[in-house]
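Structure first, commentary second.
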């Protein structure tokens with residue numbers, strides 16, 4: 001990469017990332033660009049020369065959060081003693097609403113950058129422009145600079161960009177564009193790079209991970225990619241997959257994961273609902289019978305696997321009977337981890353124009369009811385762990401307690417496991433622990449040894 005000669009070095013950047021792990025990777029690219037240009041990163045906007053917000057615009061709650069952060073930074077910038085020269089807004093919020101509309105909404109913002117331009121972030125700082133955009137859809141590769149943030153031992157690896165599905169509730173295709181897979185070799189090269197950095201958990205992410213490779217020429221597939229990863233014989237102990245669409249599962253994929261020593265049998269499969277009427281209205285390809293068959297097959301082939309799924313409560317037209325079908329599915333099906341979301345009515349989606357909207361009060365009531373059932377189910381599952389020895393990965397330490405996870409728990413999504421010890425453990429270290437107590441939200445353990 002060519003370094004600009006006229007950049008003023010050693011100025012301070014305050015950078016904040018909102019939204020999902022895919023957004024985090026974009027931020028890691030931008031942060032690397034900034035550090036290559038000798039900018040300093042600071043923890044507070046009051047000490048910054050430039051403030052950058054990588055926004056989320058997926059649903060209204062995310063939009064509101066982005067709005068609040070931008071407005072707060074503008075208030076700081078407008079203070080008499082402020083040193084802030086520019087506020088730069090990047091990402092999904094910009095893309096969803098477009099440059100013209102967002103410029104009117106935030107007229108104090110100095111520059112807007114689209115989702116396809118993370119590698120152009122320096123232009124937003126150094127050029128006298130209000131907009132930075134790219135004509136081509138963005139796709140990083142193994143040579144794209146990155147700075148791993150949040151955890152030193154965990155890295156997210158984007159295997160694709162965009163989405164070509166047409167779920168009626170989702171804004172992602174209009175924000176991120178069509179699905180485009182990275183070549184297999186590019187992903188393998190990045191994995192090798194991450195191994196050299198000492199990464200202990202790599203999480204493969206995509207908007208639809210099971211769609212991977214369908215757009216390549218010649219076409220590839222997720223099972224083929226995982227097979228090539230296996231051949232590398234990496235020293236990375238945990239490789240996790242997120243966002244597996246149920247529509248494109250096959251026996252080969254399940255069998256490959258079953259045989260692997262490093263690819264975790266952690267199946268994150270967002271199904272969104274269990275009523276066939278609602279699934280059809282959501283424009284999902286799988287029906288209840290397909291989903292039940294898939295979950296049963298996974299548990300049959302890999303009994304100790306973890307199945308995680310997500311549900312949307314209150315989709316337009318969801319009747320009491322539809323919701324009861326979802327409740328019955330949760331009660332009767334082998335599910336280990338659940339994420340529940342209230343339906344967000346998003347302008348620009350097909351669902352926005354559907355009739356029979358469910359009142360917020362009923363959505364809240366159904367949400368709370370299902371959450372209680374899920375917690376009871378998890379309590380029952382966790383109770384069976386008491387007296388058993390588990391392996392956990394150390395993430396952090398706080399107030400003399402180690403914060404860890406089992407292989408059944410993705411970082412910042414699922415359960416955390418806490419224990420105290422006089423020993424010193426590094427982030428990413430695998431520790432044997434004995435389960436002493438458990439409920440629906442946590443597991444209590446004591447340390448019994450370290451895997452060498």
Computed lengthening from residue 261 to residue 235, 0.36 nm per intervening residue step minus Cα-Cα distance
8.3 nm
Along each principal axis, Cα extent of the stretch 389-450, largest first, Å:
28, 23, 21
Using the basic label-point model (7 angstrom from Cα toward the beta carbon), what is the residue 82 to residue 147 distance in nanometres?
2.3
Between the stretch 392-427 and the stretch 124-155, what is the C-alpha centre distance in whole Å?
30
18 Å cut-off, amide nitrogen to a point 7 angstrom out along residue 347 Cα→Cβ, residues in the stretch 139-172
169-172
Starting from the 7 Å offset along Cα-to-Cβ, what nm value, one decimal, do you get for the label separation of residue 362 and residue 75?
3.8
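So what is the calculated 222 nm ellipticity per residue for the chain, using -39500 (n - 2.57) for each DSSP H run with n of 4 or more, over all residues, to the nearest 500 deg cm²/dmol?
Computed mean residue ellipticity for the chain: -10500 deg cm²/dmol.
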For the chain, what's the relative contact order in percent, using C-alpha pairs closer than 8 Å and at least 6 residues apart?
10
What nm distance separates the two modelled labels at residue 426 and residue 164, each placed 7 Å from Cα along Cα→Cβ?
4.3
At a threshold of 8 angstrom on Cα-Cα distance, excluding pairs fewer than six apart, so keeping six or more, what relative contact order does the stretch 355-452 reach in percent?
28
One finds, for residue 129 and residue 398 with R0 = 41 angstrom and r their Cβ-Cβ distance, a FRET efficiency to the nearest 0.05 of 0.45
In units of 2.2 N^0.38 Å, the Cα radius of gyration of the stretch 73-213 is 1.22
log10 of Debye I(q)/I(0), alpha-carbon scatterers only, for the stretch 12-132 at 0.13, 0.21 Å⁻¹:
-0.44, -1.25
Kirkwood hydrodynamic radius (Cα pairs, Å) of the stretch 154-380?
18.7
Under 8 Å for C-alpha pairs, at least 6 residues apart: give me the relative contact order for the stretch 314-390, rounded to a whole percent.
46
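Read the figures in this text as sums done on the coordinates, not as results from a lab. Everything quoted here is computed from the prediction, not taken from an experiment. For neighbour counting, all protein chains shown are included, and Cβ atoms are generated from backbone atoms with ideal geometry for every residue, glycine included.
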